[in-house]
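First comes the structure, then the notes that go with it.
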Amino acid sequence: MQDLLPELQRLWEWLKETLSELWTLITSLQVPDLVLSAAAVLILDLFAIAIIFAARRESRLCQKRWHRVSNDLELQCRIAQNEYHYPLEADEILLGRHSSADIQIKDSSVSRYHAVMTVTGGTWYITNLHAKTGTFVNEQKIQQKKLAVGDCIRLGNTHLYLTERPFPEEGR
C-alpha cells in the first residue's frame, strides 16, 4: 500500500494539472456543454483505469511478499480415504473443532480451540491453547514450537503434516 500512495499522488497531481489546462482550453474555444461533459467523463475514466492498474500491481507485489513470508507451505491431513490440503494463507491460523477455526478438525479428541499457528519472518510456530489432549510435534508434547517442513503435528487423534505446496502459483 505504501508503494501505491506516491504513485496515486503523482497521478492526482497530473489529473488536476491536466483538467486545469483542459478547462482553460475548452472555455477559450467556447465548446458546447455536451463536449465538455464528454471530455470530463473521458478523463475520469482514464483516471479510474490508472487506479485499477496501480491497485492490481500493488496486489501482485503484496502476494509475492506474502509467499516469501509464508514459504508456500500447507498442512496435509489424511482422514479415512480422503486427503485434505490446507494452504497456510494467513499470518495466524487457528486449529480446532469449532466452526470458527481457520482449519476445522472434526475429531472429538480435538479441543474447540486447540492450537494456533503463527508465522514470523518466514518461520512457522505452533502454540498449544491449553488443549486437554495436548499438542504434539513429531510425537513430543509442546507448549510452543518452531516448525519445519516434514513435521508431524498431532492434535488429539488427528495427524497433520507440514509440507511445501506441490503446485505453487505461476508468476512468482
(request) Could you grab the relative contact order for the chain? Cα pairs under 8 Å, six or more apart, rounded to a whole percent. (result) 16 percent
(message) Given bins 5 angstrom wide, list per bin the percent of all Cα-Cα distances in the stretch 81-163, short to long.
(response) 3, 16, 28, 30, 17, 5, 1, 0
(message) How large is the accessible surface of Arg112 in square angstrom, using a 1.4 angstrom probe and rounding to the nearest 10?
(response) 140 Å²
(message) About the Cα centre, and with charges only on the beta carbon of Lys, Arg (+1) and Asp, Glu (-1), how big is the dipole of the chain? Nearest 20 debye, please.
(response) 920 debye
(request) Compute the Rg to Rh ratio over the stretch 6-133 from the alpha carbon atoms, using the Kirkwood formula for Rh, and round to two decimal places. (result) 1.35
(message) Please give me the summed charge of the neighbours of Leu73: other residues whose Cβ is under 9 Å from its Cβ, Lys and Arg +1, Asp and Glu -1.
(response) -2
(request) Could you point to the residue in Ala55, Trp23, Thr127 farthest towards the positive end of the chain's charge dipole, with +1 and -1 charges on the Cβ of Lys/Arg and Asp/Glu respectively? (result) Thr127
(message) Rolling a 1.4 angstrom probe over the protein chains, ignoring ligands and nucleic acids, what is the accessible area of Glu89 in square angstrom, nearest 10?
(response) 110 Å²
(message) Given R₀ = 35 Å, what would the calculated FRET efficiency be for Tyr113 paired with Gln81, taking r from the Cβ atoms and rounding to 0.05?
(response) 0.80
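The values are calculated or read from the model by the stated rules, or taken from the named source; none is laboratory data. What you see is a predicted model; the values in this text were computed from it and never measured. Quick reminder, even Gly has a Cβ in these numbers, built from the backbone with ideal geometry, and neighbours come from all protein chains shown. The accessibility values were calculated without ligands, DNA or RNA, using every heavy atom of the protein model including side chains. Shrake-Rupley method; radii C 1.70, N 1.55, O 1.52, S 1.80 Å.
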